[in-house]
Every structure is written in structure tokens, then in C-alpha cells.
1. List the number of the failed condition for B:VAL43; all other conditions in (1) out of contact with any helix residue (DSSP H, G or I) (no Cβ under 9 Å at 6 or more places or on another chain); (2) aliphatic (A, V, I, L, M); (3) farther than 26 Å from B:SER326 by Cβ hold.
2. Identify all residues within the range A:28-37 that are within 14 Å of chain B (Cβ to nearest Cβ) and either open to solvent by less than 30 Å² (accessible area, probe 1.4 Å) or of a type in the set (Phe, Trp, Tyr) (or both); write none if there are none.
3. Among (1) of a type in the set (S, T, N, Q); (2) touching a residue at least 60 places away in the same chain (Cβ under 8 Å); (3) more than 7 Å from chain A (Cβ to nearest Cβ), where does B:ASN169 come up short?
4. Looking at the range A:97-108, I want the residues that are without any contact (Cβ under 8 Å) to a residue 60 or more places away in the chain and have a partner that is assigned to a loop (DSSP other than H, G, I, E, B) and among the small types (Gly, Ala, Ser) with Cβ atoms under 7 Å, at least 6 apart or on another chain. Which pairs are those?
5. Taking the condition of being of a type in the set (A, V, I, L, M, F, W, C), more than 14 Å from chain B (Cβ to nearest Cβ) and more than 13 Å from the chain's Cα centre (by Cα), how many residues in the range A:182-203 meet it?
6. Among (1) within 14 Å of another protein chain (Cβ to nearest Cβ); (2) within 21 Å of B:VAL43 (Cα to Cα); (3) in contact with a helix residue (DSSP H, G or I) (Cβ under 6 Å, 6 or more places away or on another chain); (4) modelled with pLDDT of 95 or more, which single condition is A:ILE179 missing?
7. How many residues, within the range B:158-174, are open to solvent by less than 30 Å² (accessible area, probe 1.4 Å) and over 15 Å from the mean Cα position of the chain (by Cα)?
8. Looking only at the range A:76-92, count how many residues are without any contact (Cβ under 8 Å) to a residue 60 or more places away in the chain and not polar (S, T, N, Q).
2 protein chains.
Amino acid sequence: MDVAKAVDAAPKGSVEALVALAAPDMVGVDGLIGDRLDSPVPVIPALAQHLIAAGGKRLRPLLTVAAARMAGAKDDACLKLAAAVEFIHTATLLHDDVVDGSQLRRGKVAAHLIWGGASSVLVGDFLFARAFELMVETGSMRALAILAKASSVIAEGEVLQLTRAHDLNLDQHTYLEIIAAKTAELFAASAEAGAVSAGCAEEQVSALRAYGLNLGLAFQLVDDALDYSGAAETLGKNAGDDFREGKATLPLLLAIARSGPREAAFWERAIGRLDQTEADFRRARELILGTGALQATLDLAGDYAEAAKASLRLFPDSEWRASLESLADFAVTRPA
Amino acid sequence: MDVAKAVDAAPKGSVEALVALAAPDMVGVDGLIGDRLDSPVPVIPALAQHLIAAGGKRLRPLLTVAAARMAGAKDDACLKLAAAVEFIHTATLLHDDVVDGSQLRRGKVAAHLIWGGASSVLVGDFLFARAFELMVETGSMRALAILAKASSVIAEGEVLQLTRAHDLNLDQHTYLEIIAAKTAELFAASAEAGAVSAGCAEEQVSALRAYGLNLGLAFQLVDDALDYSGAAETLGKNAGDDFREGKATLPLLLAIARSGPREAAFWERAIGRLDQTEADFRRARELILGTGALQATLDLAGDYAEAAKASLRLFPDSEWRASLESLADFAVTRPA
């Protein structure tokens, strides 16, 4: 079963419409990113560019720009906030890859394997600081508050995940708390900061924050599902990585809860003690598919995507709104 | 030769007067620190408290408070900035110890050896974010600008040091650039932010920044000297650490430059290739003392301490000013 088939019922979404609408603004964002990661210390732009130039969909800065423009922003404050958001995201990726010992990121060798873990940690710190310098330039204390808070919530989520990493008894509620903090919070803050920079009414600010949060949850759940159904080439990382690291993601947790006492020893060995053989990933995958755990994860992602779209109803019909709706559909229908 | 004897000519300074004057304010700062490192994720306060409660002299928050009070600050905005400064400092220490693989910090086992490198990296990120949340609460965009800039300069300095770590040909100018960035910048920003929070005139803001910068340079130079003359118990880390890590500090660089071609093979092996025997530290120490490299380092530190004191002349005589002058003397006369 592949994910695209599993969600056949959902409307096909795409990120293309948003990318096209935001293209002129994203030229400005990319310019700021290039400018602000410059440094007299050559390893800093080299390491940062390795990751940033590898692409990625730039979803978070796109959200900032889209939220601001949909809400009628005329000035370019949202561009600096969008660049800041991408810097924060890049900093967390650099630190995550060191923390997780990841081999690949965006289809390329992870930066810490080229420049060392020390450089990755320090360049992450540099990008984080530069993000705050960009925010200061906008003069928006409220955007600073939103993104500073998001940054501490992300770190809390990461630490929580780390301490519960191999916990077979992690419940769904705590799992959702973790991904809300480590992933969805930055989506939420990116959209919220864009709304604030446009001078939105409070109701609209809340709606755009809700859109980002629900979108982020949908994306993370589908990412977790793709680890058990995707192919390495399109995913940009190795399928099965979460399993091999013993990461307690929802498809795994649901399968453990549903697969009964006969499989308990298998899960305890493979995830609890990380004592795995070559055949274990295939067996885990079969259980995750056979117990309906994969489908349940995708259904939940679908619910969040619908909630994201619903929060946009506050805004009048527009190309921007349609593109954000399509992005929410894309979160759950994107191919492995 | 110990450092205290080497600088016998300098006036004996102390940190006591400043600590006593700032005591009521520091109760508030410590309260904020305790409050703001709280988290529902228990490992975060546990790890952070391990380091923060181990003491240290709290020099940077003391500078923020002293700068503000000397300049006549009546409100308590400086307390939040002081707590923010301590959080930034703690974050950099956590990351440094991971990057350097240090064993000890403030006389205790380094946090990453207890909780792991991953937690140290992420708790550092958390503290950094919380620092910005505290700054946002003060409403001072200028203080935010100063400390965001300082944070990116620190990271740049750390990366520069990393890339030049075993470089025997590092010149004095570049070495001073590195310590200005990685150490003195936060001293400068701490004092500057305090001045700004007091609504100082520009001339006074600049003078307090200069005080912090020169003080930070003096402290770092003496730290580097102590690594070749201090005792582990009072230093809070292992004497000889810099040598064993092959860190190109000024005493070493000057000794290399002065010890001539006969010793070149020794330096190349012990520092360039980090191929060391037990006896090497003793030999390096003898060369550093014998060539006058240690004394030259301490003399330079003395010059910076004098420059720090000179920049305070702008302010009328007061207990605060006297305590900051005494701190500058302490920087160069403190015992190993």
C-alpha cells in the first residue's frame, strides 16, 4: 500500500499554486537569506548553503508570506520575517541531524558528516542569532515574541522526544504534544508572524496560527507514515530511518498497541532495546499495515488538513486562500 | 612562576565590592533565572541547573546590573536583561563543552557527560530562546538588537577558533579577533544593554561597551595564561586542557614564535598533529615561561584592564564605579 493510494478519497492538493503566487516575494526572501548568512568565516556560509541550497520546499517562509499577503500586507516586513523563519528552521535541522546522527538530509550528505558536529552546532547557533537580528530590523516586538516563544517550544519538544525516544508505552496524546511542539509550532508561528506583520485583526491572527498548527501536524503525521511506505529517492532521507533509530512515531505506537501480546517481545527487542536484524523492518512494516496503524495515522492527518482549511473560511475567497487550501490537501496526498 | 606573582605590580582587585553592591538586584536575577528555566520537561531544568547552580561568578549579569545602576536606572528592566545574558552565556557553555568534548565545567562533571551531547545541544537552544523571550518582555528593541548581534558574533568567533584550532601560524591579531568575538563581545553587550536600559546618553553607552570589551579581553587572556600556571581545584577545569586540545592560545603562539627553529618539530608534533606524550605539557610550560610568552600575555591583559578602567572616567565617582574598577584589577590579579 502506498500513501497516495491510501488517501485516494482526499482532494489532490499541490504546493505549485502557492509557489507561483509567492514567487516574486520569494526572490526577495532568497536574497535576504543569501545576504544574511554571509560571514568573514567561510565555513559558515558554506555549511549553511549546503543545506539551504539543497532546496526543501521552503514551506515555512511561504506560509509567512502567504499569511501576510492574503491579509493585505502592502509592505515587505514579511520578507524579513520569512527569512528569519527559514533560518530558525535551518538551525533546528542542523542541530537535529547532529543529535540524531542522521546520514542524509534533503537527499544530500548531512552537513555534520562533512564539516563535523561541532561546526554544525555552532553554525546552527549563528543562524538562530541572525534570525533574531532580522526580526529586530522589522521593528515588530510582537513577531519577535511569537518566534522567540516558538523557538523555546521547539527545543522543549525535541528534548521531550529525546527522553521518550524508545518508549513503547508513549500514548497518542503525548506523541501529538511532541510533534505539535517540535514541528507544528514553527508552522503556526510562521503564519502567525506573517499575519501580525500585516496588521491583521486578532481573529485573523488566531485563524492563521490555527491553519499553520493543523498543517504542521498533518505534514508530520504523513512524514511519519512515509517512513514506512516511502522510497528514499523522493523522501530525501532513508525510508525506515525512524524504525532503525527506534523512534516512537504514531504508526509504530498504534501498531504496538494493536498487535497484541504475541508481538510484544518483537517490539521490546527491536525498539525498546534497539536490537534489530535485517528482516525486522519488513516485519514491523507488515504489522503497521496489517493492523491498520498506517491508515489510522493518515486518517488523522486528513482530519488536521481539513481543520487547517476550515480555519481559512474567515478570509474572503482569493487566490492566496485557494493556494493555502491546496497546500493543506497536498500535505496528505503528496507522493512518497 | 604563578600568575599572582607575575602581576605583583598591579593593584589588587576584587569582585567582592561589586557582588555586595549588586546583591539585592542579583536576588531578583536569580529568581528570574529559576523561574524561566522551568519546563514541563524535567531534564531541561535539571541539566540547566546543574551548570547554573555550580556557581561561576555571574560576571555578565553583574555587568548588566552595574552598568544600569551606575547610570542611574531606577526600574528593574536591567534584571530581565541580566537573566537573559546569563542564559545566553549558559547556552554557549553547554554547546562549547559538547564541541570541545570537555570533561569538567566549574569543578563539576560537564553536563553532556551526564545527560548526553544531544540534551546539552537542545537545552542550550532552549536557554537561548528563553533569553530572547526575556528580552522581549523588557520592550527594549535596542537591547534585543545588541544581544542578537552579540550572539551571532560569538558563534562566528567559535567557528573561527574551531577552523584555526591547531594552526601554529595563527597571528596575534587573528587570535585577538577570536577572543574578542567568542568572549569579550558578550561582556561588552552585557554592559551596553544595561546602559541602554538605563536610558544613558550615547557617549556613556559607548563607554560601558568599551569597558565590557576590554574587561572581557583581559579575563580571557588571563584564563589562557592560567592554563599554563593554574591548579585544577581553583580553576574549575583541568590545567593544561588547552595544550592537550592543541588550542592555539596567545601564550602558546608567542612561545612558538619565540622558541626558534630548534623547537619547531616539537610544536608541530604536539600541537599541529596533537601527538603528545606525558612529558610534553611540562616542556611546553617551560618554553612558555622561559621565552617570556606568559609574561607578555599577562602584560597585554594588564593593558586591557587599564583601558577598561579608563573608559569609566566619564562617570562621576561612585561606589558602582569603584567596584567596576576593582573588577578590572581583579581580572588580572585573581589567583590561579
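1. Looking at each condition in turn, B:VAL43 falls short on (1).
2. Step one: of the range A:28-37, the residues within 14 Å of chain B (Cβ to nearest Cβ) are A:35-37.
The one that is within 14 Å of chain B (Cβ to nearest Cβ) and either open to solvent by less than 30 Å² (accessible area, probe 1.4 Å) or of a type in the set (Phe, Trp, Tyr) (or both): A:LEU37.
3. Status for B:ASN169: all satisfied but (2).
4. Going by the 7 Å Cβ cut-off, the qualifying pairs are A:ASP97/A:ALA110; A:LYS108/A:ALA54.
5. Step one: filter the range A:182-203 for residues of a type in the set (A, V, I, L, M, F, W, C), giving A:184, A:186-189, A:191, A:193, A:195-196, A:198, A:200-201.
Checking which are more than 14 Å from chain B (Cβ to nearest Cβ) leaves us with A:184, A:187-188, A:191, A:195, A:198, A:200-201.
Going one step further and asking which of them are more than 13 Å from the chain's Cα centre (by Cα), we end up with A:191, A:195, A:198, A:200-201.
Counting residues in the range A:182-203 that are of a type in the set (A, V, I, L, M, F, W, C), more than 14 Å from chain B (Cβ to nearest Cβ) and more than 13 Å from the chain's Cα centre (by Cα) gives 5.
6. For A:ILE179, the failing item is (1).
7. Pass one, the range B:158-174, residues open to solvent by less than 30 Å² (accessible area, probe 1.4 Å): B:158-159, B:165, B:170, B:174.
Then drop every residue that is not over 15 Å from the mean Cα position of the chain (by Cα), which leaves B:159, B:165, B:170, B:174.
Of the residues in the range B:158-174, 4 are open to solvent by less than 30 Å² (accessible area, probe 1.4 Å) and over 15 Å from the mean Cα position of the chain (by Cα).
8. 7
The values are calculated or read from the model by the stated rules, or taken from the named source; none is laboratory data. Values in this document were obtained by computation on a predicted structure and should not be read as measured data. Positions of Cβ are backbone-derived with ideal geometry, glycine not excepted, and every protein chain shown enters the neighbour counts. Side chains are part of the model used for accessible areas, which takes the heavy atoms of the whole protein and leaves out ligands, DNA and RNA. Shrake-Rupley method; radii C 1.70, N 1.55, O 1.52, S 1.80 Å.
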